[in-house]
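What follows is a short report on a single structure.
The values are calculated or read from the model by the stated rules, or taken from the named source; none is laboratory data. Here the structure is a predicted model, which means the values were calculated and not measured. Quick reminder, even Gly has a Cβ in these numbers, built from the backbone with ideal geometry, and neighbours come from all protein chains shown.
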Amino acid sequence: MNLNEENLNRIVSDVLRKVNVVSSEVTPSSGNGAVQSARAAVLRKARELEIVEFPLRQIGPDEILVKVEACGVCGTDIHCYKSDPFGLAPVVLGHEGTGEVIEVGRNIKMDSVGKPVRVGDKIVTSILDTSDSCMIAKYNPLKSNLCDDLKVYGLLPDEPDNHFNGYFAEYLIIRPGSSVFVVNEMSVDLRCLIEPAAVVCHALERAKHCGATLNFRTRIVVQGCGPIGLLMIAVLRTYGINNIIAIDGDPSRLAMAQTLGADELLNYKDYAGIDELAAKVESLTKGLGAHFGFQVTGVPAAFASLFKCIRRGGGICEVGHFVDGGECAINPHKDICRKEITVTGSWVYNSFEYPNAYHFLQRAEGIGLPVASLITHKFPLAQIQDAFEVNLRQEGIKVVVEAR
């Protein structure tokens with residue numbers, strides 16, 4: 001063969017073409033093909049969780065296979081466990097999770113903020129894209145969290161060919177159109193708090209967007225010191241709020257509230273009723289009431305009582321009612337109109353708020369707020385029912401299930 005420049009170029013082109021054909025037909029793999037099946041915790045019906053071994057299918061070119069490390073138990077998981085209010089059973093729950101990338105589909109190059117995604121990376125994910133038919137997302141993408149078809153891992157119906165849709169399992173298959181974030185620099189405990197941190201970061205934005213004045217002198221009431229309420233206190237302190245009043249009925253949770261930044265601790269059980277409690281709040285706020293309140297209990301009567309603690313011209317953000325807890329009575333004249341109070345709701349979060357959430361957690365630790373100490377209990381996957389029961393009894397604060 002005459003190896004002139006033309007022939008050499010042709011040979012190189014043929015080789016490159018063949019290499020490209022082969023590479024386009026192969027999904028990058030970590031050698032995980034030996035894993036044919038894995039365990040998942042299936043909610044069969046109310047209060048019945050079963051560990052089941054399922055086949056683990058091959059991922060597609062736009063998917064990611066994750067080996068789950070751990071997942072927090074959310075209040076929504078507990079509501080599903082108690083009564084399956086969304087009618088999802090059988091379902092694999094778990095959306096406050098994190099894990100290690102085991103296999104990357106050939107079309108996946110970067111996460112949702114442009115970081116490369118590689119085997120071995122630590123990731124978090126929660127939300128999938130909404131459908132093209134959603135008018136809310138179409139005309140206001142910043143409100144896609146309000147779509148009726150919002151899809152969240154751990155709240156997805158079971159499928160015949162894929163049972164790994166929630167973090168309470170040994171593996172998770174991340175679908176096309178999902179938000180994915182590489183967070184290698186964070187501990188597993190902090191990573192388990194990113195999803196609930198996104199909830200409180202979204203609530204903070206909702207408060208700002210409804211006209212609330214939030215600065216170093218703002219006096220704020222946080223009503224309810226469960227995991228979300230405590231993270232709400234931490235995000236407010238990290239944001240620069242110096243006057244935070246925490247209200248709860250559990251002394252240990254109030255103590256944690258102080259650790260995370262609350263200045264005043266009020267146990268509502270120490271007061272004869274809401275009028276006496278509101279009078280105490282007024283005494284701590286120059287006789288006027290708080291500028292703003294975050295309601296994080298999920299108890300309708302608590303929401304109604306919070307109005308009494310807010311000054312004229314103030315506001316309230318409702319964060320706690322992620323399921324229908326019933327109705328309550330307020331006085332439109334005294335509670336809203338005469339005070340000219342602004343009331344806003346906060347529903348979940350948008351996927352683009354995840355980076356804000358993990359930067360908040362890192363900053364909170366940086367200023368000495370021990371947010372990871374919210375995790376008080378850890379259980380292996382085989383003991384997930386015990387984990388749920390501990391959470392249901394409100395023992396400790398944040399319960400985590402580890403995939404071991």
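Before we move on, is L277 crowded, with 17+ Cβ neighbours inside 10 Å and among the aliphatic types (A, V, I, L, M)? Spelling it out, L277 is indeed crowded, with 17+ Cβ neighbours inside 10 Å and among the aliphatic types (A, V, I, L, M). Could you run through segment 307-349 and say how many residues are within 26 Å of K143 (Cα to Cα), out of contact with any strand residue (DSSP E or B) (no Cβ under 6 Å at 6 or more places or on another chain) and among the charged types (D, E, K, R)? Residues that pass the stated criteria total 2. Do you know which of the residues in segment 69-84 that are more than 17 Å from V188 (Cβ to Cβ) and among the acidic types (D, E) is farthest from the chain's Cα centre (by Cα)? So the residue we want is D84. Return yes when G289 is closer than 19 Å to E205 by Cα, surrounded by 21 or more Cβ atoms within 10 Å (Cβ to Cβ) and either in the same structural domain as I397 (by TED's automatic domain parsing) or touching a strand residue (DSSP E or B) at 6+ places or on another chain (Cβ under 6 Å) (or both) and no when it is not. Judged against the criteria, G289 is not a match. Restricting attention to segment 329-350, the residues being within 15 Å of F303 (Cα to Cα) and either outside any helix (DSSP H, G or I) or touching a residue at least 40 places away in the same chain (Cβ under 8 Å) (or both) number 9.
Filter segment 203-220 down to the residues that are among the hydrophobic types (A, V, I, L, M, F, W, C) and not in a helix (DSSP H, G or I), then identify the one that is surrounded by the fewest Cβ atoms within 10 Å (Cβ to Cβ).
Here the residue is F216.
Does any residue of segment 252-272 turn out to be among the β-branched types (V, I, T), more than 20 Å from G320 (Cβ to Cβ) and either at pLDDT below 95 or touching a Ser or Thr at 6+ places or on another chain (Cβ under 8 Å) (or both)? Yes, segment 252-272 contains a residue that is among the β-branched types (V, I, T), more than 20 Å from G320 (Cβ to Cβ) and either at pLDDT below 95 or touching a Ser or Thr at 6+ places or on another chain (Cβ under 8 Å) (or both).
If the condition is being among the aliphatic types (A, V, I, L, M) and within 16 Å of D158 (Cα to Cα), then segment 75-106 contributes L88, A89, V91, V92, L93.
The residues of segment 363-378 that are in contact with a strand residue (DSSP E or B) (Cβ under 7 Å, 6 or more places away or on another chain) and either over 30 Å from V52 (Cβ atoms) or buried (at least 20 other Cβ atoms within 10 Å of the Cβ) (or both), listed by number, are L374, I375. Among the residues of segment 58-95, those identified as part of a strand (DSSP E or B) and over 16 Å from H377 (Cα atoms) are I64, L65, V66, K67, V68, V91.
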